[in-house]
Every structure is written in C-alpha cells, then in structure tokens.
Amino acid sequence: MHFSSRVERLGGKGSTAWGIHFRGVEAQRRGEEVILLSVGDPDFDSAPNINAALKASLDAGDTHYGDIPGDPRLRAAIARYHTRLTGQEVEAENVVVIAGAQSAMFAAAQVLLGPGDAVIVPSPRYVTYEALIGAAGGTIVDVPLYPERGFHLDPADLEKAAAQPGVRGLMLTTPNNPTGAVMTREEIEAVADVAKRRDLWVLTDEVYASLAHERPHISPASLPGMAERAITVCSLSKSHAMTGFRIGWAVGPRDFVEHYCRLVLCMIYSCPPFIQAAALEAIEGDQTAQKRMKEAYRARGRLVFERLGQSPHLSCHRPEGGMFVMVDVRRTGLSAEAFANGLFEEERVTTLVGDAFGPEAGGHLRLSMTYDLPVMEDACNRILRFADRHAKR
C-alpha cells in the first residue's frame, strides 16, 4: 500500500520513549510489584462531584451531538477560568472545546503552520511536539534550555533562533514537561518582546498552570499586545485528575477560533455533552480535591528533591510546578538509558530517559510524582540503592 509522506513525520526519538513504561505495565499485569514513575497519569481519581455531573448528564439523555465549538455554558466557564488563571480577559467566543490538550495542540499546529514554516520550540520539550509540528509540515528551531540554568530560557538564545529564516511562531510549555520549570516573568516578557517585534504567534501549552507552586504562573497571552497573537491550550487532565475524560480547549483571537472550529468539525465534530457537563462541574464546582492534589505534588516534589539530593552520584532539579522531577545521573558514569534499564531490571522502578525530550536533558531521568509519599520514599530508596551499587568509583 502507498502511504502519505506524513507518516514519516509522525515518528522521532520521542515516539520510542515509552518502551520502558510499557515493559513496566506488562510486568505489573503479570502480578509483579513495580513502581511506575514513567507516565504523568495522576494517582488521584476524579472527584465525586465531577463523576456525579457526568452520570446525571447521561441519565438526562445528553448523548447526542454537541455544539462544534463546545457547550456555550462550558465555553463561558472556561473563559472565566482562563481569566482567573492567567489574568487575560476573554469571552466565550475566544474558546473552543476539543478532546484533550494533545488534540488541541495538534489542531492548533494545523491551523498555524504550513509546509516549510518554522516554529521555535525550547528543548527539552514534550515528546509529541516533534510529530505534531511535522504532521503540519513545519520544522522546529531549537532553543536550548540548559540544566546549568535550571532549564530556564536564555533570551539571547531566543533572539538567535528568531533571526532564522521562515520562523512563524513559538511553542512553549509552562510549567514545563519534562523539566518542572515555571517560566519567570522575565522569560515571558522576552518571548512577548520577540513575538511582537517579529510578528510571530505564540502557542502555549499550559496544562500544568494551576499546579505551579514555587513561583506564579504567567501566561504570554496576559501581557500587553499579545492577545491578538497568543493561543493558550489547557485541559483538566492533570489539574483535576481527568486524563481519561479527554477534555481540553484552546483560547485565542476570534479569527483563529473561526479557522479552528472548521478543523474541529472535520476532526471530531464535537465533544460528548456528558463529558462537557463533567468539565463544567470541575471548573465551577467544589475545588477541595484540586487544592489537595496541588499540595500533594508540591510535597512529593520536595521529598524527591531532598532524598535524591543526598546522593553523591545524583543531582536533582527542584520542581517549580507540575508533577515531574528531573534527575541528573551523569555522575554515576552510566548513560540515562543504561541507568533506567538497570533500575527497572534490578529495582522495579520505571522512569523516562531524558534524552527523548531533547539533547539538553541527556543524562537525566524524568520521574513522575504519581504515588503517595510512602511509595515515593520507597522509590527514592530504590534509586539511591541502584546508584550506589553501580556508580563508577
């Protein structure tokens, strides 16, 4: 059979990053005791009030097609939520509901990029960005985020990247996956300055925005002069433990929304009304569970940072937001891949190899903080044992 050349652009190193995770899942299904720190799926369940709203919607017969851009009530609620989270005043007409942040990012790339267009993307970055940009025919211009800077942006590197030919926009993640870094106001202002001077759009993945805990989250869309060129993607997957609901959205200027809605019509037509009912309750209902999750991630991150930081063979980056910790294993003398594979084989802990997120994360592992404190303590002990056992003297 003949396939589109597009399929060749759906791969990349990131697409193979999950191998060790799948091995861990298979071991768990065989009854083996494995600690999976390789995927960002919250260990919390969605709150009872959210589940009740979904069930009530189903019982009411809300199983038909919904509005293409989303239920008007949900769009209005998302607009209010976005304003609370970012400070940018938007209306329901600026919001499009779609099946999760991953779909939202993919669709945005299709609307914003054409063949040969270049987009600036800081590295390390989430593993699917390469494929979703490639699928739109675009290319990536790297901006390095070095571990020596805590994986924070150097404005000089941004200027250098923006000067390259064919650059149409920037794609950011804050708080960052995989690094856990939350962009500072100075970094965001540098992005806005470059975008306005060079007439670039800015697409920001902000799914961890409500989980920023070491410094405030700042959205590029909230800065003066950015509303007409900023697209913000968010979801309830991580903030409200709703990964399986597959509900997210994009917020942007109305001309973007017009094009985006036409693409959503072709992709999914609309999100299920009963899922949207659950999302409405998640946003506007009781937030006790969400606040508890945020505090749990903060506590877990601090535990991992402090415990692994005691090792003479490891360095740990303090997470500033989100649900991940980056651990530098280079002093052991092992590659990140060798460390991850050995850790799984000997201690039954799975992690993701940092190299899959970009060369700047080489020699690092990404750990997910998706267990309660006793299990995270156990995982740290296993990692420390493995590092002590195999570090080259």
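Points to keep in mind about this one:
- Among the numbered conditions (1) at pLDDT 95 or above; (2) under 26 Å from Lys238 (Cβ atoms), the only one that Thr128 does not meet is (1).
- Residue among Ala192, Ala163 that alone is open to solvent by 10 Å² or more (accessible area, probe 1.4 Å) and more than 20 Å from Ala109 (Cβ to Cβ): Ala163
- Some residue of region 93-110 being more than 30 Å from Pro374 (Cβ to Cβ) and in a loop (DSSP other than H, G, I, E, B): yes
- Test: residue in region 138-146 that is more than 21 Å from the chain's Cα centre (by Cα) and not in a loop (DSSP other than H, G, I, E, B): no
- Residue count for region 263-277, restricted to those that are more than 23 Å from Ile50 (Cβ to Cβ), touching a residue at least 40 places away in the same chain (Cβ under 8 Å) and open to solvent by 40 Å² or more (accessible area, probe 1.4 Å): 4
Results for (1) open to solvent by 60 Å² or more (accessible area, probe 1.4 Å); (2) touching a helix residue (DSSP H, G or I) at 6+ places or on another chain (Cβ under 9 Å); (3) without any contact (Cβ under 8 Å) to a residue 40 or more places away in the chain; (4) on the phi < 0 side of the Ramachandran plot, shown as yes or no for each residue.
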residue	(1), (2), (3), (4)
Leu37	no, yes, no, yes
Thr63	yes, yes, no, yes
Ala79	no, yes, no, yes
Glu91	yes, yes, yes, yes
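- Test: residue in region 287-305 that is within 18 Å of Asp388 (Cβ to Cβ), of a type in the set (Asp, Glu) and modelled with pLDDT of 95 or more: no
- In region 354-375, residue nearest to Tyr146 (Cα to Cα) [restricted to those that are modelled with pLDDT of 95 or more and among the charged types (D, E, K, R)]: Glu360
- Cβ-Cβ under 7 Å pairs, at least 6 apart or on other chains, region 161-189 side more than 28 Å from His364 (Cα to Cα), far side in a loop (DSSP other than H, G, I, E, B): Gly166/Gly116; Gly166/Asp117; Val167/Leu200; Arg168/Leu113; Arg168/Asp117; Arg168/Leu200; Gly169/Leu200; Glu189/Leu223
- Ile133 being over 18 Å from Leu172 (Cβ atoms), crowded, with 21+ Cβ neighbours inside 10 Å and either modelled with pLDDT of 95 or more or not β-branched (Val, Ile, Thr) (or both): no
- For region 219-257, a residue qualifies if it is within 19 Å of Ala282 (Cβ to Cβ), touching a helix residue (DSSP H, G or I) at 6+ places or on another chain (Cβ under 8 Å) and assigned to a helix (DSSP H, G or I), and exactly one does: Phe245.
- Selection status of Thr332, farther than 27 Å from His213 by Cβ, of a type in the set (Val, Ile, Thr) and modelled with pLDDT of 95 or more: yes
- Residues located in region 339-393, provided they are surrounded by fewer than 16 Cβ atoms within 10 Å (Cβ to Cβ) and in a loop (DSSP other than H, G, I, E, B): Asp372, Lys392, Arg393
- Pro216 part of a loop (DSSP other than H, G, I, E, B), open to solvent by 40 Å² or more (accessible area, probe 1.4 Å) and more than 19 Å from Gly321 (Cβ to Cβ): no
- Selection status of His313, open to solvent by less than 40 Å² (accessible area, probe 1.4 Å) and either more than 20 Å from His213 (Cβ to Cβ) or not β-branched (Val, Ile, Thr) (or both): yes
- Scanning region 166-184 for residues that are open to solvent by less than 10 Å² (accessible area, probe 1.4 Å) and either closer than 22 Å to Arg197 by Cβ or among the aromatic types (Phe, Trp, Tyr) (or both) yields Gly169, Leu170, Met171, Leu172, Thr174.
Quick grid of which residues meet (1) touching a strand residue (DSSP E or B) at 6+ places or on another chain (Cβ under 6 Å); (2) of a type outside the set (Gly, Ala, Ser); (3) closer than 21 Å to Gly150 by Cβ:
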{"site": "Ala338", "(1), (2), (3)": "no, no, no"}
{"site": "Asn341", "(1), (2), (3)": "no, yes, no"}
{"site": "Leu352", "(1), (2), (3)": "yes, yes, yes"}
{"site": "Asn381", "(1), (2), (3)": "no, yes, no"}
{"site": "Leu384", "(1), (2), (3)": "no, yes, no"}
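- Of all residues in region 227-249, those that are buried (at least 24 other Cβ atoms within 10 Å of the Cβ), under 19 Å from Val119 (Cα atoms) and more than 14 Å from the chain's Cα centre (by Cα) total 2.
- Filtered residues of region 29-52 (kept if more than 25 Å from Pro178 (Cβ to Cβ) and not in a loop (DSSP other than H, G, I, E, B)): Arg29, Pro48, Asn49, Ile50, Asn51, Ala52
The values are calculated or read from the model by the stated rules, or taken from the named source; none is laboratory data. Only a predicted model underlies this, so the values are computations on that prediction, with no experimental measurement involved. Every residue, glycine among them, receives a Cβ derived from its backbone with ideal geometry; neighbour counts consider all protein chains shown. Just the protein is used for accessible areas: all its heavy atoms, side chains included, with ligands, DNA and RNA removed. Shrake-Rupley method; radii C 1.70, N 1.55, O 1.52, S 1.80 Å.
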